[in-house]
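Please read the structure below before turning to the comments.
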Amino acid sequence: MSPIGTLYIVATPIGNLEDITLRALRVLKEADLIAAEDTRHTRRLLSHFGIKTPLISYHAHNQASRGPELIRRLTAGENMALVSDAGTPGFSDPGADLVARAWEAEVKVEAIPGPAAGVAALSLSGFKGDILFVGFLPRGEGRRLKMFQALAPEPRVIIMYESPRRLVRTLTELAGTMPNREVLVVRELTKKFEQTWRGPVTDIARKLQDIEIRGECALVLSCPAAAATMPPADLADCLLKAAEESGLRGRRLADRVAGDLKIPRRQVYQTYLALKEQGRME
């Protein structure tokens, strides 16, 4: 009976091909098969390093059927490398499902560590504390805002990924829900046109408001600073003035004022509701 093969979880470069490890190159060369999220993308990487190992696709749309096939090949004795399009498999991609299947089939699983966008962004941030990895954010504004409201009291550093198309709106929502944090935004991590912005989330939201962002973005939010407070009368005056100047009402007004004053959005919105009940706010 042939010995069971090994599933290697191989981290590949996020953008700069020089970031691949010597061990990763050896495993990719010696494996019987490479399971890749996008074979065209991975083939360019293999071609660059002269690696001719056969490729097979494994992604979110075929994992239900392809997963059992790959496990059968592993239990038949083949050694297999699993790669994603960039970074470490298993973070926000279907790789975790194949790894779980391998454990259930008693296949040996071995990690070949290397680049991971969230960890790389964290190392750039300088933020201290325990970590919460959120990954890709919901696309719908309502779902995203609800998530941010739930995360607002979270005491840990938060790592998340966002599309450049939604970045400005996301930062605006973060400024409203988590104004007492700092943020690092990095786009095109490790690539030629990498850019970073770091500072209070309210400042970064304002700074990037009119800047066209291209390329996937990683965000790191610091642990929350002690929440500032404001006397109710002063806050009411600020709300009334902001409403008159901006024409905003409701939650959008509360988001704007909370971000500008760097105080909790809930405090601002409760004051807004009190003013509305008193007939001082539309």
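Take residues that are under 27 Å from ALA121 (Cα atoms) and not acidic (Asp, Glu) and tell me which of the helices (runs of 4 or more DSSP H) falling wholly in the range 1-106 contain 3 or more. Lay out the reasoning, then the answer.
Values: elements: 22-30, 39-48, 63-75, 95-104.
Helices (runs of 4 or more DSSP H) meeting the threshold: 22-30, 39-48, 95-104.
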Tell me the residue from ALA258, ALA205 that is buried (at least 20 other Cβ atoms within 10 Å of the Cβ) and either closer than 21 Å to ASP130 by Cβ or not assigned by TED's automatic domain parsing to the domain that holds GLN270 (or both), please. ALA205
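Table: residues versus (1) under 27 Å from the mean Cα position of the chain (by Cα); (2) in contact (Cβ under 8 Å) with a residue 12 or more places away in the chain; (3) part of a helix (DSSP H, G or I).
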position	(1), (2), (3)
LEU239	no, yes, yes
ALA242	no, yes, yes
LEU248	no, no, no
ARG251	yes, yes, yes
THR271	no, yes, yes
LEU275	no, yes, yes
ARG280	no, yes, no
Restricting to the range 202-248, count the residues that are among the β-branched types (Val, Ile, Thr) and closer than 13 Å to LEU261 by Cβ. 2
Taking first residues from the range 113-141 that are in contact (Cβ under 8 Å) with a residue 40 or more places away in the chain and second residues anywhere that are in a helix (DSSP H, G or I) and among the charged types (D, E, K, R), the pairs with Cβ under 6 Å that are 6 or more apart or on different chains are PRO115/ASP19
If a residue has to be surrounded by 12 or more Cβ atoms within 10 Å (Cβ to Cβ), assigned to a loop (DSSP other than H, G, I, E, B) and at pLDDT 95 or above to count, how many in the range 115-149 make the cut? 1
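Looking at the range 205-256, which of its residues are among the small types (Gly, Ala, Ser) and touching a Gly at 6+ places or on another chain (Cβ under 8 Å)?
Hits for the range 205-256 are ALA205, ALA218, SER222, ALA254.
Could you check the range 1-43 and list, in sequence order, the residues that are free of Cβ contacts under 8 Å to residues at least 60 places away in the same chain and among the aliphatic types (A, V, I, L, M)?
If we filter the range 1-43 for residues that are free of Cβ contacts under 8 Å to residues at least 60 places away in the same chain, which is where we start, we get 1, 17-18, 22, 25-26, 28-34, 36-43.
If the condition is that a residue be free of Cβ contacts under 8 Å to residues at least 60 places away in the same chain and among the aliphatic types (A, V, I, L, M), then MET1, LEU17, LEU22, LEU25, LEU28, ALA31, LEU33, ILE34, ALA36 are the ones that fit.
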What are the pairs, 6+ residues apart or on separate chains, where a residue within the range 88-106 that is surrounded by fewer than 14 Cβ atoms within 10 Å (Cβ to Cβ) has its Cβ under 7 Å from a residue that is assigned to a loop (DSSP other than H, G, I, E, B) and among the polar types (S, T, N, Q)? none
Please indicate, with yes or no, whether at least one residue in the range 54-75 is under 23 Å from TYR161 (Cβ atoms) and among the β-branched types (Val, Ile, Thr). no
Which of (1) on the phi > 0 side of the Ramachandran plot; (2) charged (D, E, K, R); (3) surrounded by fewer than 18 Cβ atoms within 10 Å (Cβ to Cβ) does GLU212 not meet, given it meets every other one? (1)
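The values are calculated or read from the model by the stated rules, or taken from the named source; none is laboratory data. Not measured: the values here are computed from a predicted model. All Cβ positions, glycine included, derive from the backbone under ideal geometry; neighbour counts span all protein chains shown.
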